[in-house]
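Before any comments, here is the structure.
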Amino acid sequence: MAEEDDDSGPSVTALARESFYRLFADEAIPLAGNIAFRTLFSIFPFLIFLTALAGFFGNDHLAEDIVTYLLSVAPEQLVKPLVPEIRSILTVPRTGLLSLSAVLTIWSAMGGVDSVRVGLNRAYDLREHRTTLWLYFMNVLFVVLSAIFLLAFALLIVLAPVVIAAIEARAPGFRQSVATLDQLRYPVAILMLTAGVLLCHKVLPAKRLNILEVLPGVVLTVVTWVFLSSAFSIYLVNFNTFASTYASLSGLFAAMFFLYLAALVLILGGEVNRVLEVRRLLRARRFMGDGGA
């Protein structure tokens, strides 16, 4: 059976079976919990850094624009309990970007990035060989570049209505001939999500992988996340047991549980890529062996 898979490529069932086996063998269950906790722990420090960086760029409202956009595309039942705290962070002026507190904030935000790095290394069967100093630098750079990218995207959100209005002044009816920003927000969010997951697979593992190698796992992760967010929202509306179990902390625990499932899916994407890579190597060795014979 394995030989048939090697010749014709693994069937979907065989690929899924081997990927899930590796997922449990690599102890992804506790690892996903670690990623979920550290990601939730790092969200608010990252937002603090984002608002500070926005003020440093001269526009205090950029961070609020991007967070408002992200909240508009996120499942309402998941983010609703966190919205008051997020809004309070965005309304507090942030100065002293280069202060010690900002450094500590970046350090806290690095936790989520580092956990994803460990999870992907485990999925790809990689042993970390980079120095601790380089890993810290990479994590800081990842956080800073992510914030800059989000702020640049926020500029597009701000400028898009201005550009559309300017064009419409010279070409009446232009707004009706193009899709509105509201119609585009979900496709753009999915593109941003795909780019972010792709960047994680390209940068964080202790091995440089090309786009074609990581693309199957990236697509699987994004598609499953979209389905998972919809299914989890429906569950929270119709069959929510978190409220009766965790009382006032139900929203926080629901967000934590969703992040836990999302982390499992992220690791599974790496496992799928690794299984496909092993299959390719086996087929290449078999081809070389047949050719040599």
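Details
- Label separation (Ala14 vs Val223): 2.0 nm, computed from points 7 Å beyond Cα along the C-beta direction.
- Simple spin-label estimate for Glu85 and Ala231 in nanometres, 7 Å along Cα-Cβ: 2.7 nm
- Placing R0 at 35 angstrom, the Cβ-Cβ distance between Thr68 and Phe24 gives a FRET efficiency of 0.35 after rounding to 0.05.
Every number in this text was worked out from the coordinates using simple rules, so none of it is lab data. Since this is a predicted model, take the numbers as computed values, not measurements. When we count neighbours, we look across all protein chains shown, and the Cβ atoms used for this are built from the backbone with ideal geometry, even at glycine.
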